[in-house]
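Taken together, the values in this text are just the output of simple stated rules run on the coordinates, not laboratory data. Since the structure is predicted, the reported quantities are computational estimates derived from the model, not experimental observations. Glycine also receives a Cβ, built like all others from the backbone with ideal geometry; neighbour counts cover every protein chain displayed.
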Amino acid sequence: MSVFNNSALYPHFLLTGFQGMEAKYSLISIPICLIYIISIAGNITILFIIRTEPSLHQPMYYFLSMLALTDLGLSTVTLPTMVSVFWFHVRDISFVACATQMYFIHVFSIIESAILLAMAFDRVVAIRDPLRYSAILTNSVIIKIGLASAGRALIMVFPVPVLLKRLQFHNINTLSYPFCLHQDLIKLTMSNQRINSIYGLMVIISSTGVDSVLLLLSYMLILVTVLSVASKTERVKALNTCISHICAVFTFYTPMIGLSVIRRYGQNASPMVHVLMADVYMLVPPLMNPIVYSVKTKQIRLHILKKFKKEKG
């Protein structure tokens, strides 16, 4: 049996769609492709509107641009294998391609978590100290936050492919999903996976784990500040500025938690449930974020409608 252990022999992996429904993949691929089209078009629209409207050149919308770029990255990384499995029925993927996809999936996920935290910080400053909002969140500070978010993810995840390269795999390995995730790959190894498991857990705790705690603290500060405002109208107005962000947070964290719970406690669940939850985790945030911000953020909505009216005119 051929194995991979710092040699030129790379194992291959088989991606998995919905088992037992292969004959219906052509139909299943239609909504998946539509989701990708809407996701990519929606995030590009958000970026275009913010880029071309000077009135939106503010910290809140700069962070929204970062979120849209991250969602575009996540969609771009997962699109090839999803289309390969559901459209062309091609499941085979090399170790290098799988490790590369896995790396960028986790990088973009960690970046998205950081950007959501930065957007919460933006709302904290806007609500608690509005007079110093522009002085605190200057362009240079926003750029540093964006670079720090990307740098943290790139550095944290970089050792993961290196650690995977040390492991031994079978010649052919069947994955659980139509894309590559670290926890799925190490499950297939013939080697001791303790180091990989511990490091993966450390990455999760020090990134999305810490970010989720800080997000909770941020909204506790916002809530305390809002409740101290005497006017009910001002309370509602302040909270309305957070609705889109709260939706984005739930859209990101709910599928992530659901996938983790299913993997840990759903051993007896149908493989279809695992694949469906993983697909939701990959597809829903990039799809919903531009929709939520287009619907719930008045400035974005008005400028999008304005652009469409100009084109029709």
Projected area averaged over orientations for the range 49-123, convex hull of C-alpha atoms, nm²: 6.2 nm²
Shape metrics for the chain, restricted to C-alpha atoms - Rg then Dmax, Å: 21.3, 73
Relative packing of peptides 198-205, 233-240 - highest average C-beta neighbours within 10 Å first: 198-205, 233-240
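If you stretched the chain out fully between Asn171 and Asp129, how much longer would it get, using 0.36 nm times the residue separation minus the C-alpha to C-alpha distance?
Working: separation 42, 0.36 × 42 = 15.12 nm, distance 5.88 nm.
Extra length from Asn171 to Asp129 when fully extended: 9.2 nm.
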Distance (nanometres) between label positions extended 7 Å along Cα→Cβ at Ala97 and Arg194: 3.5 nm
Label point at Trp87 placed 7 Å out along Cα→Cβ; residues across the range 266-307 whose backbone nitrogen lies under 19 Å: 279-280, 282-284, 286-287
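If R0 is 30 Å, what FRET efficiency do you get for Gln299 and Ile257 from their C-beta distance, rounded to 0.05?
Details: r = 31 Å, r/R0 = 1.04.
Here the calculated transfer efficiency is 0.45.
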Cross-link reach list, lysines versus Lys187, counting only Cα pairs under 23 Å and skipping chain neighbours closer than eight places: Lys165
Residue list for the range 275-311, given a label point 7 angstrom along the Cα-to-Cβ vector of Ile38 and an amide N cut-off under 15 Å: 280-296
Ascending count of other beta-carbon atoms within 10 Å, so fewest first, for Arg51, Arg264, Arg152: Arg264, Arg51, Arg152
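By the gyration tensor of its Cα atoms, with a ≥ b ≥ c the square roots of the eigenvalues, what is the shape of the range 192-266: rounded for a/c under 1.5, prolate for a/b over b/c, or oblate?
Prolate is the answer for the range 192-266, as a/c is 1.5 or above and a/b outweighs b/c.
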Burial ranking of peptide ranges 103-113, 118-128, 134-144, 213-223 (average Cβ count within 10 Å, highest at the top): 103-113, 118-128, 213-223, 134-144
At least 18 Å along the helix axis (C-alpha) and Kyte average at least 0.0, DSSP helices within the chain: 25-52, 59-86, 95-128, 139-157, 210-227, 232-265, 271-296
